[in-house]
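J.: Quick one: the structure is below, questions incoming.
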Amino acid sequence: MTLVIDGVSVRRRGEIWLDDIHLESSGGMTTLLGPMTAGKTTLMRVVAGLLPPDAGRVVVNGEDVTGVSVRKRSVAFVYQQFINYPSLTVYENIASPLRLAAEFPKGEVDRRVREVAELMGIGELLGRRPGELSGGQQQRTAIARALARPVDVLLLDEPLANLDFKLREQLRADLKRMFRDSPGVVLYATADPNEALSFAAPAVVLGEGRVRHRGDPADLYAGPPTLEVAATLSDPPLNLLPGLVRDGRIECLGASFPAPGLTGPDRRVVVAVRPHQVGIERAGPGMLEFPAEIRLAEVTGSATFVHLLLEGGTHLVAHLAGTHPYEPGEPAVAYVDPARVFVFGEDGARLHAPLGAEVRPHG
Amino acid sequence: MTATLPSRRTEPAAEDRAQGKRRANRAWFLVLPVVVSVAFTAVIPLMTVVNYSVQDIFSPDDRLFVGLEWFRSVARDPEVRAAFVRTLLFSAQVLLLEIPLGVAVAVVMPRRGLGVPAALVLVALPLLIPWNVVGTIWQIFARPDIGLGGWAVNNVLGLDYNYTLDAGDAWITVLVMDVWHWTPLVALLAYAGLRSIPDPYFQAAQIDGASAWATFRHIQLPRLRGVLTIAILLRFMDSFMIYTEPFVVTGGGPGNATSFLSVLLSKIAVGQFDLGPAGAFSLLYFLAVQIVCYVFFTVLTRTGR
């Protein structure tokens, strides 16, 4: 199974929704990663045939299907909302795409329904109606509906976004297992970088209707080519500090460190540091120091997010392991290892990344 | 403060209960305006009718308690029974025509674009016309000599149609008038229900390859149950109590062909001024509406669950 998206553009009411998108897959999972309004859903609707593109082609298995009606395409779609037929039982819901395809004998339909229901862990619920299920069970039913019929292209549009945390973790692991060796093309859209990182599938980073970058999500996390890609792949969000390159050093809010390989005239840069690289207790020599005031400490159980206000009005978030009972208003000093910062130019291009692979926390 | 704390700790439950009771009593004052207005608009008039229904009133000073006599005579009156059957038949026909027609109109109404306001205004137009004006419009429209509709049926379709002479024609005229007047209400309610269905449902059905009928049957219809329950109750109550339009168009005739319960009731109460029988009639009428509504509501809220 192959999918080629060749120069697809969509414009509506003078706005560019998608701009010259190219994407290729020869089976298996591809993650579309991007914030809201990046064009993930629009691209999926084009691939499904629900939205005709203004330019470009969609080619499935070597055949141009751009103008082919959605009813004639071999696609399945899982939405962020839990979409099932409200008056049908779970069994009938899963069976409906098979029955409408009209190519499966009765016994085969029954076998497939029970198989995917078992796979999704809803084998016990086949007699219920969607209204009697929890959100997680409804979404499992919707995914089972999409899996029941073998299709060339399976589209999942933020399927886990409306689920609560625990269900999301569990379903994410199930999906990863199921799609790893999928012969068909699986496109999985998400705004959650942790999802993209944990699937470890080739990722396409979208922003404002354009492909910003593509590659292995772990590589993109460790060495983002632009500030936008770095921000898309960071959750919790990056801390951004104003910096100035001068005489081979970077000056940043009163601190200063050598600028590796940055020469040329004085210029403004953005110093980006991930929250888990910010310390409040001194961790070693050569650290940058930022006097600050503690505004808020959020304890999540295994970690504490400390919100700091630096002198000059810049906000900084520190992600500390363990529980730390900081009080709002307390003075503190934030420490950052200069070897762990990214430096981006004012145009967003990366000027410098930390050496070696970064150690990423779990979560 | 410190002195009161221990005593509180010893008897918290009793004190809380007393305080809660006082607060609950005060809350009654907030309900009072509703109680007063409902009393004057509904309860007292209804009790007046109950009062009439158990007495034979000759003059304000000369009245006789007759118990359930009027109820018995009204229930046995062949004219009332015939009107009851007639009204029930009319309501059944109204529901069978207006509900499917209203849903059909709602389904074909545009979902987006400039067509939406245009369709809404067009559909809502009959609802904005006062009831007796609707009657007058149809009275003239359906006349075979000077009415466009009546003339067309006689001279274009070549049917012999005259609602003032033929009982069947009169019945059809009143029925068509009601359908014209009230189908828009059903359509608007159903349209609101349909609009609340998110687009992905329709897209999902398209991806499955579901037919238009299957999409309607399995996505739209289940989502319409709530609004259709309201539409059916409203249309039943309204059609079962229809008065103004047949009064204006046919005056209950020809003969008794369009004498619905309300037409007959007003004849007894206002025309003949028989307050006792009219009171008993009203209460039985009221009871019939309540019972049918209860049955409809129970059945509709239980199906498809």
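The values are calculated or read from the model by the stated rules, or taken from the named source; none is laboratory data. Just so it is clear, the model here is predicted, and its values are computed rather than measured. Here Cβ is always computed from backbone atoms with ideal geometry, including for glycine, and neighbour counts include all displayed protein chains. Heads up: the accessible areas ignore ligands, DNA and RNA and are worked out on the full protein's heavy atoms, side chains in. Shrake-Rupley method; radii C 1.70, N 1.55, O 1.52, S 1.80 Å.
J.: Within the range B:239-246, can one find any residue that is open to solvent by 60 Å² or more (accessible area, probe 1.4 Å), away from chain A (no Cβ under 14 Å) and among the hydrophobic types (A, V, I, L, M, F, W, C)?
T.: Within the range B:239-246, one or more residues are open to solvent by 60 Å² or more (accessible area, probe 1.4 Å), away from chain A (no Cβ under 14 Å) and among the hydrophobic types (A, V, I, L, M, F, W, C).
J.: Just need a number here: residues in the range B:107-135 that are over 21 Å from the mean Cα position of the chain (by Cα), open to solvent by less than 70 Å² (accessible area, probe 1.4 Å) and touching a residue at least 60 places away in the same chain (Cβ under 8 Å).
T.: 3
J.: Something else: With respect to A:Gly131, determine if the residue is within 9 Å of chain B (Cβ to nearest Cβ) and within 24 Å of the chain's Cα centre (by Cα).
T.: Answer is no for this residue.
J.: Just for the range A:14-58: of the residues that are among the charged types (D, E, K, R) and in contact with a strand residue (DSSP E or B) (Cβ under 8 Å, 6 or more places away or on another chain), which one is farthest from the other protein chains (Cβ to nearest Cβ)?
T.: Looking at the filtered set, the residue picked out is A:Asp20.
J.: To continue, here is another question. Any chance you could count how many residues in the range A:167-210 are without any contact (Cβ under 8 Å) to a residue 60 or more places away in the chain and farther than 13 Å from A:Lys40 by Cβ?
T.: 14
J.: Hey, which of the helices (runs of 4 or more DSSP H) in the range B:215-268, taking only ones fully inside, have at least 3 residues that are in the same structural domain as B:Ala104 (by TED's automatic domain parsing) and more than 18 Å from the chain's Cα centre (by Cα)?
T.: In the range B:215-268, the matching helices (runs of 4 or more DSSP H) lie at B:221-240.
J.: Could you go through the range A:59-68 and let me know if any residue there is within 11 Å of another protein chain (Cβ to nearest Cβ) and in contact with a strand residue (DSSP E or B) (Cβ under 6 Å, 6 or more places away or on another chain).
T.: Looking for residues that are within 11 Å of another protein chain (Cβ to nearest Cβ) and in contact with a strand residue (DSSP E or B) (Cβ under 6 Å, 6 or more places away or on another chain), one finds none in the range A:59-68, hence no.
J.: Given the criteria within 14 Å of chain B (Cβ to nearest Cβ), of a type in the set (Val, Ile, Thr) and closer than 29 Å to A:Leu43 by Cα, does A:Val75 qualify?
T.: So A:Val75 fits the description; yes.
J.: Determine which member of the set A:Ala230, A:Ala218, A:Ala203 is within 13 Å of the chain's Cα centre (by Cα) and surrounded by fewer than 18 Cβ atoms within 10 Å (Cβ to Cβ).
T.: A:Ala218
J.: May I pose another question? B:Leu157: open to solvent by less than 70 Å² (accessible area, probe 1.4 Å), away from every other protein chain (no Cβ under 14 Å) and either more than 30 Å from A:Arg73 (Cα to Cα) or of a type in the set (D, E, K, R) (or both), yes or no?
T.: No; evaluated as a whole, the condition is false for this residue.
J.: Here is a follow-up. Suppose we filter the range A:101-126 for residues that are within 14 Å of another protein chain (Cβ to nearest Cβ) and surrounded by fewer than 17 Cβ atoms within 10 Å (Cβ to Cβ); how many remain?
T.: Number of matching residues: 3.
J.: I'd like the residue in the range B:287-302 that is open to solvent by 30 Å² or more (accessible area, probe 1.4 Å) and in contact (Cβ under 8 Å) with a residue 40 or more places away in the chain and, out of all such residues, is farthest from the other protein chains (Cβ to nearest Cβ).
T.: Residue satisfying both the conditions and the ranking: B:Val292.
J.: Output the number of residues of the range B:160-192 satisfying the condition of being open to solvent by less than 40 Å² (accessible area, probe 1.4 Å) and of a type in the set (Gly, Ala, Ser).
T.: Total satisfying the criteria: 4.
J.: Another question about this same structure. Would a scan of the range B:272-283 turn up a residue that is without any contact (Cβ under 8 Å) to a residue 40 or more places away in the chain, open to solvent by 10 Å² or more (accessible area, probe 1.4 Å) and among the hydrophobic types (A, V, I, L, M, F, W, C)?
T.: yes
Every residue, every condition in (1) of a type in the set (A, V, I, L, M); (2) assigned to a loop (DSSP other than H, G, I, E, B); (3) closer than 22 Å to B:Gln272 by Cβ, yes or no:
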{"residue": "B:Arg26", "(1), (2), (3)": "no, no, no"}
{"residue": "B:Val35", "(1), (2), (3)": "yes, no, no"}
{"residue": "B:Thr41", "(1), (2), (3)": "no, no, no"}
{"residue": "B:Met47", "(1), (2), (3)": "yes, no, no"}
{"residue": "B:Arg63", "(1), (2), (3)": "no, no, yes"}
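J.: A further question follows. Can you give me the ranges of the strands (runs of 3 or more DSSP E) entirely in the range A:288-360 with at least 3 residues that are open to solvent by less than 30 Å² (accessible area, probe 1.4 Å)?
T.: Those strands (runs of 3 or more DSSP E) span A:288-299, A:303-310, A:315-321, A:331-336, A:342-345.
J.: Name the single residue that is farthest from A:Leu50 (Cα to Cα) among those in the range B:190-210 being without any contact (Cβ under 8 Å) to a residue 12 or more places away in the chain and aliphatic (A, V, I, L, M).
T.: B:Ala210
J.: Residue check, A:Pro53 against (1) within 25 Å of A:Ala146 (Cα to Cα); (2) touching a residue at least 60 places away in the same chain (Cβ under 8 Å); (3) open to solvent by 10 Å² or more (accessible area, probe 1.4 Å), all met but one. Which one?
T.: (2)
J.: Same structure, new question: Taking the range B:193-238 as the search range and keeping residues that are of a type in the set (Val, Ile, Thr) and either more than 13 Å from chain A (Cβ to nearest Cβ) or in contact with a Pro (Cβ under 6 Å, 6 or more places away or on another chain) (or both), which one is most open to solvent (accessible area, probe 1.4 Å)?
T.: B:Ile230
J.: Name the single residue, out of those in the range A:79-91 being at the interface with chain B (Cβ under 9 Å from one of its Cβ atoms) and in contact with a Leu (Cβ under 9 Å, 6 or more places away or on another chain), that is surrounded by the most Cβ atoms within 10 Å (Cβ to Cβ).
T.: My answer is A:Asn84.
J.: To continue, here is another question. What do you reckon, is B:Ala192 part of a helix (DSSP H, G or I) and touching a Phe, Trp or Tyr at 6+ places or on another chain (Cβ under 9 Å)?
T.: no
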